[in-house]
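**Student:** The structure's right below; bear with me while I get my questions together.
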Amino acid sequence: MVNIRDMRNLFFSVGGGNEIGASCYFVQLNGTKFLLDAGIRLHTDSIYPRFHSLYVENLLDGLWELDGILLSHGHIDHIGSLPFVVEEAQDVPIYATLPTREIVGLQLNQSLTSPTFKHAELVDFPRVKEFNALRVQRAIENITPIEWYSPITCETCQITFFPAGHILGASMVYIESDAGNILFTGDFTPFDQLTVPQYQLPDDLDVDLLITESTYGYQESPYVADIDEEREHFAQKIDRCLDRGGIVLIPAFAIGRSQEVALILRNLIRNGRLKPFTICIDGLAQVACDIYQDNGVQLFGHELGKAPQDFIDALDAFNGVIIASSGMLLDNSMSARYAEELLPDPRNAIFFSGYLDEESPGRKLERLRESKGQRFRINERDVPVHADVDTYRLSAHTGSEGILSLIERVTPKKVIFVHGYPQYKTAVNIHRETCRRFQNRIEVYQANNGMPIYF
Ligand SMILES: [Zn+2]
Ligand SMILES: [Zn+2]
């Protein structure tokens, strides 16, 4: 007997609705049940999406009832709970692009084997023991790679992935059915980066429900400064540091940001704006660079390479730039180990390249930048800060305008905002702005974890 609860079209945020982290959305369309992404939170004790809420709401009896798991991209806040999910959903197919599967493999394997990852990039990860090798292996093996623009059938629905920009392999997920069509954006970028081009969608896409990220939907994008001007400042400061015989450390996220910063620097050298120097990549970013390179993004060359083994012990003879993860200088990560060595010498510089959590060591160091000689606690040691510390906004994330132009373009009947902070009381408010611009034409919803939205 067909249960009536199985037939209504439903969106339910298990995690990542009114927050950034633990992205995980349950969607029921034309009787077919999907999970969109399966991430974790990084800087908190409760890392997993609240899968239990699915059972409490009587939407599922268990994750084995799912028909498919669709992954937008490989960042840990979108895929980190896969080993947990696969435990309960062993026979449920997982779909992702091939590069995403490779990045998932890198991230999950790293979480098993590297003490750096456990202690630094997954701080306060209380259930780390659950990530045993078998479950990670199974999660990766269960992923069926799919190609962009090539539809596949899953029960009563047809699924197509389209390029989303953002990072290598990142996709928007389009689900078609007799009961309506959904477009899920994942994380997306509406402009070309050096590593990946902007998102691409067919012109005539028929979308009933748009589920879109809203990272900068409720807060000012920190990247509004003139990009060329910002790159020029960055180039000048690097020039100055290298001229005085110093080393520049750029802490950067391993997947996406490190590769983008590396190419910005390489271009500054190749177009003659900077004198030639060596760029060394270290930490998890090295393996991520291999994946980028294998997928056709040319990174390595005579200016740019991997840091040799034990490079940290041979810094006296180096006069160049090091890009190392983590981006927020988390204790015992590769970037933190370099920072510990480089901070006491006034010839050196540490330039942050993007977002820093309020509580992160990187943010604490940034606050000390004007008070030279102060001591900074890093890797359980106190070191004096004599190096130059600064932050550059080298990315060009658009804010809510990028989201609004996507809405304009696909003109859905309904839109649900996820992956943002609606509780922020700033001048930017994507919900209000969408209602204002598309009055009476589009129904606008804000996702809240644990609250079903029927459509
Ligand atoms: Zn992402
Ligand atoms: Zn994300």
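The values are calculated or read from the model by the stated rules, or taken from the named source; none is laboratory data. Because the structure is predicted, anything quoted here is derived from the model rather than measured. Reconstructed Cβ throughout: ideal geometry from the backbone, glycine too, with neighbour counts over all protein chains shown.
**Student:** Taking the options ILE279, ILE247, ILE264, name whichever one is in contact (Cβ under 8 Å) with a residue 12 or more places away in the chain, more than 24 Å from the chain's Cα centre (by Cα) and not assigned by TED's automatic domain parsing to the domain that holds GLU102. I'd like the intermediate steps shown before the answer.
**Tutor:** Details: ILE279 fails: more than 24 Å from the chain's Cα centre (by Cα); ILE264 fails: more than 24 Å from the chain's Cα centre (by Cα).
Criteria check complete, one pass: ILE247.
**Student:** Looking at the range 253-264 only, could you name the residues that are more than 16 Å from ligand 2 (Cβ to nearest atom) and buried (at least 24 other Cβ atoms within 10 Å of the Cβ)?
**Tutor:** As a first pass, look at the range 253-264 and keep what is more than 16 Å from ligand 2 (Cβ to nearest atom): 258-259, 261-264.
Listed by number, the residues that qualify are SER258, GLN259, VAL261, ALA262.
**Student:** Still on this structure, please answer the following. Tell me whether the range 219-230 contains one or more residues that are in contact with a strand residue (DSSP E or B) (Cβ under 6 Å, 6 or more places away or on another chain) and either modelled with pLDDT of 95 or more or within 16 Å of ligand 2 (Cβ to nearest atom) (or both). Lay out the reasoning, then the answer.
**Tutor:** Our first condition is that a residue be in contact with a strand residue (DSSP E or B) (Cβ under 6 Å, 6 or more places away or on another chain); within the range 219-230, this holds for none.
No, there is no match, as no residue in the range 219-230 is in contact with a strand residue (DSSP E or B) (Cβ under 6 Å, 6 or more places away or on another chain) and either modelled with pLDDT of 95 or more or within 16 Å of ligand 2 (Cβ to nearest atom) (or both).
**Student:** If you don't mind, another one. Give me the pairs: first residue in the range 181-204 and over 18 Å from ARG257 (Cβ atoms), second residue among the acidic types (Asp, Glu) and away from ligand 1 (no atom under 16 Å from the Cβ), beta-carbon distance under 6 Å, and six or more apart or on different chains, which are they?
**Tutor:** Short answer, once both residue conditions are applied: ASN181/ASP206; ASN181/ASP208.
**Student:** Then there's this: What do you reckon, is TYR424 within 14 Å of TYR25 (Cα to Cα) and of a type in the set (Phe, Trp, Tyr)? Walk me through how you get there before you give the answer.
**Tutor:** On the way: within 14 Å of TYR25 (Cα to Cα): no; of a type in the set (Phe, Trp, Tyr): yes.
When the stated conditions are applied, TYR424 does not pass them.
**Student:** Tell me, please, whether a residue that is surrounded by fewer than 22 Cβ atoms within 10 Å (Cβ to Cβ), assigned to a helix (DSSP H, G or I) and in contact (Cβ under 8 Å) with a residue 40 or more places away in the chain can be found in the range 330-349. Break it down into steps so the answer makes sense when it comes.
**Tutor:** In the first step, residues of the range 330-349 are kept if they are surrounded by fewer than 22 Cβ atoms within 10 Å (Cβ to Cβ); the result is 331-332, 337, 340-341, 344-347.
If we keep only those that are assigned to a helix (DSSP H, G or I) as well, we get 337, 340-341.
Restricting the remaining residues to those that are in contact (Cβ under 8 Å) with a residue 40 or more places away in the chain gives 337, 340.
There is at least one residue in the range 330-349 that is surrounded by fewer than 22 Cβ atoms within 10 Å (Cβ to Cβ), assigned to a helix (DSSP H, G or I) and in contact (Cβ under 8 Å) with a residue 40 or more places away in the chain.
**Student:** At least 2 residues that are surrounded by 24 or more Cβ atoms within 10 Å (Cβ to Cβ) and either at pLDDT below 95 or in the same structural domain as ASN449 (by TED's automatic domain parsing) (or both) in each: list the helices (runs of 4 or more DSSP H) lying fully within the range 1-93 that qualify. Give the steps one after another, and end with the answer.
**Tutor:** Numbers: elements: 52-56, 76-79, 82-88.
The helices (runs of 4 or more DSSP H) meeting that bar are 76-79, 82-88.
**Student:** Which members of the range 172-200 meet the condition of being charged (D, E, K, R) and either part of a loop (DSSP other than H, G, I, E, B) or within 16 Å of ligand 1 (Cβ to nearest atom) (or both)? Please lay out each step first, then the result.
**Tutor:** In the first step, residues of the range 172-200 are kept if they are charged (D, E, K, R); the result is 176, 178, 187, 192.
The answer is ASP178, ASP187, ASP192.
**Student:** If you don't mind, another one. Restricting the first residue to the range 30-56 and requiring it to be acidic (Asp, Glu), which pairs with a second residue that is at pLDDT below 90 meet a Cβ separation below 8 Å and a spacing of at least six or different chains?
**Tutor:** Every condition considered, the pairs that remain are ASP45/ASP124; ASP45/PRO126.
Quick grid of which residues meet (1) acidic (Asp, Glu); (2) touching a helix residue (DSSP H, G or I) at 6+ places or on another chain (Cβ under 7 Å); (3) more than 16 Å from ligand 1 (Cβ to nearest atom); (4) at pLDDT 95 or above:
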{"site": "ASP390", "(1), (2), (3), (4)": "yes, yes, yes, no"}
{"site": "LEU394", "(1), (2), (3), (4)": "no, yes, yes, no"}
{"site": "GLY399", "(1), (2), (3), (4)": "no, no, yes, no"}
{"site": "ILE407", "(1), (2), (3), (4)": "no, yes, yes, yes"}
{"site": "TYR421", "(1), (2), (3), (4)": "no, no, no, no"}
{"site": "GLN439", "(1), (2), (3), (4)": "no, no, yes, no"}
{"site": "TYR445", "(1), (2), (3), (4)": "no, no, yes, yes"}
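**Student:** Right, something else. Can you find a residue in the range 23-46 that is closer than 13 Å to GLY186 by Cα and more than 16 Å from ligand 1 (Cβ to nearest atom)?
**Tutor:** First, pick out the residues of the range 23-46 that are closer than 13 Å to GLY186 by Cα: 23-25, 35-39.
Narrowing the set further to residues that are more than 16 Å from ligand 1 (Cβ to nearest atom) leaves 35.
Checking the range 23-46: at least one residue is closer than 13 Å to GLY186 by Cα and more than 16 Å from ligand 1 (Cβ to nearest atom).
**Student:** Could I ask something else about it? State whether the residues of the range 218-229 include one that is within 24 Å of SER13 (Cα to Cα) and surrounded by fewer than 20 Cβ atoms within 10 Å (Cβ to Cβ). Spell out the reasoning first.
**Tutor:** First, the residues of the range 218-229 that are within 24 Å of SER13 (Cα to Cα): 218-219.
Then drop every residue that is not surrounded by fewer than 20 Cβ atoms within 10 Å (Cβ to Cβ), which leaves 219.
For the range 218-229, residues within 24 Å of SER13 (Cα to Cα) and surrounded by fewer than 20 Cβ atoms within 10 Å (Cβ to Cβ): present.
**Student:** Here's something else I'd like to know. Of these, GLY169, GLY180, which one is under 24 Å from LYS413 (Cβ atoms) and at pLDDT 95 or above? Give the derivation first.
**Tutor:** Details: GLY169 fails: under 24 Å from LYS413 (Cβ atoms).
Within the list GLY169, GLY180, the selection yields GLY180.
**Student:** Still on this structure, I have one more. Return the residue satisfying two criteria in turn: it lies in the range 299-327 and is under 24 Å from VAL196 (Cβ atoms) and either touching a residue at least 60 places away in the same chain (Cβ under 8 Å) or in contact with a His (Cβ under 9 Å, 6 or more places away or on another chain) (or both), and of such residues it is surrounded by the most Cβ atoms within 10 Å (Cβ to Cβ).
**Tutor:** ILE323
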